[in-house]
Amino acid sequence: MNKHFSFTVGLLMMVISTAFSNSTNYTIENNFISRSISTDGNFRTVEIANKLAGKVLKPNNSIEFKLRISKGTHIEGSDVILTSKDFSFKKVITNSSNKMGFLLNNKTHGLWVEVFYELEKDDFYIKKYLVIKSDKAVTIERIDLEVVGLEDIYQPYKMKQITSQGPAKWRPGLGQPLYTTKSATFWGIEFPAAYNYVIEGEGYCGYQWGKELKNGDAYTTYKAVLGVGDNSEFIQDSFFNYIDRIRIRPLRLQVQYNSWFDFGQGVTKENFGKSVAKINDELVVKRKVDPLKAYVIDDGWQDVHADWKDKTWKVNKKFNPTFSTSISNVTAANSSLGLWLSPGCLFGAQPAAKNYKEQGLETLGNWMSMAGPQYMQLLEDRMVEFTKEGITYFKLDGIFGHLNTREFELNGQQYGIPYMSQLDTEGFTANDIRLNDPIYDELKSYYLVAGTERLMEIFKKQHEINPEVYVVISNGAYLSPWWLQYIDAIWMINAGDAAGGSNRTEELVYRDGVYYDTWITEKTQFPINSVFNHEPKKTSTGESKEAFSQYLWMNLSRGTGFIELYVKTEKLSDDDWDVLAEGLKWSQDVFPYFKKSRMHGGNPKSNEVYGYTGWNKNGGYISFHNPSEKVKTYQVKLDRTLGVTSNKRYIISSPLKNANEWVEKKIGKEDILTVDLKPGEVKVLNFKN
């Protein structure tokens with residue numbers, strides 16, 4: 001061999017080897033997704049591959065994260081914006097098949113940031129988080145874990161109403177994901193109170209924090225998530241699949257009774273026990289329905305006249321101190337006990353908040369602060385105690401307010417809540433109508449973040465005690481899918497308890513109109529299978545079996561796994577019990593389809609035909625309602641938009657007696673289904689392969 005050629009080849013191989021060993025690009029990947037990071041110059045993401053859709057994304061702004069720091073949220077003009085461009089790369093912390101970590105430093109401000117990326121073998125999403133350390137005291141006001149420049153990134157939910165006053169005007173916009181229109185990706189923060197938004201082609205995924213990081217302390221952020229789907233048109237389905245994977249407990253069919261429409265605040269252990277026995281006898285014993293998961297004592301068990309300073313939410317004399325009689329009653333029905341409770345001491349607990357205010361505990365205006373250390377510790381202790389004592393269901397009603405009014409902490413500096421004295425809120429009440437102005441949104445959001453974090457801690461402890469506990473957050477909560485990392489269902493928020501109307505059609509239109517506004521018009525990204533809708537309701541008898549059946553099936557077809565019965569047990573006829581039993585059996589049969597439930601059709605409030613549907617590979621169901629006073633013909637295509645993904649043929653049946661024209665017929669994917677509907681009529685079709 002020529003010696004010169006041999007030397008040249010050897011030198012070339014050494015150069016290639018050196019180039020690879022000192023690579024400035026690092027990639028974490030599996031069969032679904034990859035993300036490549038460059039440490040050369042600006043630390044940044046240079047490429048994202050969506051392997052499911054065959055798309056490659058190249059961010060165009062070279063920013064990996066953004067921090068807003070200051071000397072304090074109350075010190076105007078002290079804030080500084082830092083991005084990853086302001087940090088120098090120091091070293092690789094870890095680089096394995098499922099985790100990458102990098103250390104960065106900003107010498108001017110004495111900040112150290114560790115950036116981590118995680119990806120498991122079977123996940124179609126990458127998680128990312130920061131560990132922030134400081135050489136001196138600094139307040140971190142907001143953390144954006146993602147600042148991504150993509151031409152096709154968009155914000156599906158754009159509402160932002162952080163209001164103190166206004167019926168059905170509570171849409172904080174917190175904890176909603178971002179999507180892309182062409183590359184089929186979803187983005188967000190695994191924290192309910194995050195605020196993710198898009199401005200001029202840049203997507204920001206982050207949250208306010210507002211707390212001081214002391215010298216030498218480290219703060220680990222919540223995790224950002226970047227996920228992929230196979231088709232941008234159906235990216236919501238991919239996002240909901242991700243939510244289903246990370247939720248704290250699997251989606252369950254939770255059928256239960258609630259005492260509110262039966263007795264209101266007049267509930268006692270005696271009348272409650274009679275209703276438990278009656279329902280169990282009529283539904284479970286006589287009609288062979290599965291035992292209910294819980295029987296719930298609503299507002300009326302709390303002793304608001306007792307001193308709650310040492311122990312909150314004490315039980316009044318209508319019940320045993322530990323609900324022993326009621327627990328015995330529900331145990332005899334092969335069930336368990338649930339409780340209504342208002343974390344903020346709203347509704348029937350408001351007198352207790354007044355007493356707390358006189359005792360110096362952390363009240364806002366009329367209600368308790370969700371971030372007050374003393375009260376929230378008392379609340380945690382009590383909820384943990386209840387969970388240990390065997391309470392398996394909690395309806396938490398009145399979090400940050402209710403349908404008409406919300407309250408905010410404006411001066412929480414005495415117990416660590418960020419404050420903004422520069423906004424000059426002296427003399428404002430906690431629910432002052434002036435707080436509706438968006439100029440106060442940042443201040444209000446600091447409270448929502450602090451309250452959300454405190455509630456999360458309670459929910460985690462409940463889960464540790466009982467991994468099967470079922471928790472619903474109701475009035476004054478907000479619809480973020482990331483709440484499902486801690487609880488099981490959320491009230492639909494901007495709706496009244498009772499669906500108003502002079503007949504069943506009007507009742508359905510009221511509730512389904514809110515569904516349409518929330519999920520179709522406003523594009524709320526929250527699975528309707530985890531919604532609390534305060535139905536079905538049956539408080540009198542006398543309507544025909546057909547009318548009650550159509551109302552009940554339409555209600556159940558909404559596809560929520562949380563079914564709470566609001567009935568007056570002593571007023572129901574045998575026919576009513578028959579219908580209710582058959583409806584509950586149907587919901588048990590079709591529950592597997594609820595995981596993919598969705599709304600279809602037009603606007604109920606415009607008298608347009610609409611309905612609900614849910615599918616999996618084995619079959620599905622579709623409901624139809626014509627709210628108008630005219631006969632209507634409605635067509636729907638069995639395609640992926642409806643949730644149909646299997647190419648199998650299906651045999652049609654119906655739980656109602658008004659769809660015989662379709663019974664026993666066969667239909668398949670991409671076929672058109674035509675349904676004729678009389679005025680006010682509901683039809684429900686089942687599909688099984």
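Every read-out reported here was derived from the displayed coordinates using simple, explicitly stated rules and does not represent laboratory data. All figures in this text were calculated on a predicted structure; none of them were measured in a lab. Every residue, glycine as well, gets a Cβ built from its backbone with ideal geometry; the counts of neighbours run over all protein chains shown.
Please state the relative contact order of the chain as a whole percent: Cα pairs under 8 Å, 6+ residues apart?
Numbers: 1565 pairs, mean separation 70.4, N = 689.
With pairs under 8 Å counted, the relative contact order is 10 percent.
For segment 37-131, report the convex hull volume of the alpha-carbon atoms normalised per residue, in Å³, without decimals.
Numbers: hull volume 12.1 nm³, N = 95.
Roughly 127 Å³ of hull volume per residue.
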| Which longest run of the chain has no exposed loop site in it, a site being trypsin sites (Lys or Arg not before Pro) in a DSSP loop with at most 12 other beta carbons within 10 Å, and the site itself not part of the run? | 318-616
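Can you say what percent of the DSSP beta bridges in segment 269-498, counting only those with both residues inside, are antiparallel? Round to 5.
Bridges in segment 269-498 that DSSP calls antiparallel: roughly 20 percent.
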| MRE, 222 nm, helices only [DSSP H, n ≥ 4, -39500 (n - 2.57), over the chain, to nearest 500] | -7000 deg cm²/dmol
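Within segment 580-689, report the GluC sites (Glu not before Pro) that DSSP leaves as loop and that have at most 16 other Cβ atoms within 10 Å.
Details: sites: Glu582, Glu608, Glu629, Glu661, Glu664, Glu670, Glu681; in loops: Glu608, Glu629, Glu661, Glu664, Glu670, Glu681.
Here the sparse-neighbourhood loop sites are Glu608, Glu629, Glu661, Glu664, Glu670.
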| field | Descending Cα extents along the principal axes, segment 270-401, whole Å | value | 53, 26, 24
| Could you give P(r) for segment 155-313, binned at 5 Å from zero, as whole percent values over all Cα-Cα pairs? | 2, 7, 10, 10, 10, 11, 12, 12, 11, 9, 5, 2, 0, 0
| note | Scaled by the rule-of-thumb 2.2 N^0.38 Å, the alpha carbon Rg for segment 122-237 gives a ratio of 1.20
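Please report how many Lys pairs in segment 93-161 have alpha carbons closer than 14 angstrom, counting only residues at least 8 apart along the chain or sitting on separate chains. Working shown, then result.
Values: Lys99/Lys121; Lys99/Lys127; Lys99/Lys128; Lys107/Lys133; Lys107/Lys136.
Pairs that pass both the separation and distance tests number 5.
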| request: At q = 0.09 Å⁻¹, work out log10 I(q)/I(0) for segment 25-246 with the Debye formula, treating every Cα as an identical point scatterer and leaving solvent out; two decimals please. | output: -0.36
| request: Sticking with the crude label model, points 7 Å out along Cα→Cβ, report the distance from Gln359 to Arg434 in nm, one decimal please. | output: 3.3
| task | Between the alpha-carbon centers of segment 267-289 and segment 158-216, tell me the distance in whole angstrom. | result | 44
| query | Separation of segment 20-79 and segment 454-494 by C-alpha centroid, Å? | reply | 32
| Using a cut-off of 12 Å between alpha-carbon atoms, which aspartates and glutamates can reach Lys66, once sequence neighbours fewer than 8 places away in the same chain are excluded? | Asp86, Glu141, Asp144, Glu146
| request: Quick one, can you get me the convex hull of the C-alpha atoms of segment 401-557 expressed as volume per residue in Å³? | output: 157
| note | Across all Cα atoms of the chain, Rg and the largest Cα-Cα distance (Dmax), in Å, are 27.7, 105
| What residues have an amide H closer than 5 Å to that of Lys51, excluding those fewer than 5 places away on the same chain, when H is modeled at 1.01 Å from N in the peptide plane? | Ile33, Ser34
